[in-house]
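Notes to accompany the following structure.
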Amino acid sequence: MPDVSMDYGIVENMAKIFDTSSKVLDVVAKALEIASAILKATAMFGAVGNLALAKYLDNIKPKVEKLSKDTEELSKDCTGAVKSLRDGDKSGSQRFV
């Protein structure tokens with residue numbers, strides 16, 4: 001069995017960064033949605049170029065949402081890895097006491 005070691009603090013910090021990134025990306029996706037709606041509304045008043053920009057933002061939004069979900073999953077994976085390894089170390093050490 002390979003020897004596995006982990007710096008818990010670093011991996012926990014990575015999990016926090018991924019979680020923060022996920023939240024920021026959620027806000028970006030909402031901002032894209034609002035900007036797209038505004039551009040579509042102004043396109044009705046003759047600013048036709050705004051409609052093209054709105055469609056561009058509509059294409060970006062799903063990618064940002066997917067990236068948000070992926071970073072949220074990475075955060076949970078890092079947290080789970082720390083808990084599993086830490087709990088495994090504690091339960092394994094109890095057997096030799």
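The numbers here are math on the coordinates, done by the rules we state, and not lab data. In this text the structure is predicted, and so the values were computed from the model without any measurement. Positions of Cβ are generated from backbone atoms using ideal geometry, with glycine treated the same way; all protein chains shown enter the neighbour counts.
Overview of results
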item	result
Which listed residue, of 60, 34, is of a type in the set (Val, Ile, Thr) and either without any contact (Cβ under 8 Å) to a residue 24 or more places away in the chain or under 30 Å from residue 88 (Cα atoms) (or both)	34
Qualifying residues in region 48-69 (those that are of a type in the set (A, V, I, L, M, F, W, C) and loosely packed, with under 13 Cβ neighbours inside 10 Å) - the one farthest from residue 82 (Cα to Cα)	48
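Rundown of residues vs (1) surrounded by 11 or more Cβ atoms within 10 Å (Cβ to Cβ); (2) over 15 Å from residue 74 (Cα atoms); (3) aliphatic (A, V, I, L, M), yes/no style:
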| position | (1), (2), (3) |
| --- | --- |
| 4 | no, yes, yes |
| 19 | yes, no, no |
| 25 | yes, no, yes |
| 32 | yes, yes, yes |
| 35 | yes, yes, yes |
| 40 | yes, yes, no |
| 46 | no, yes, no |
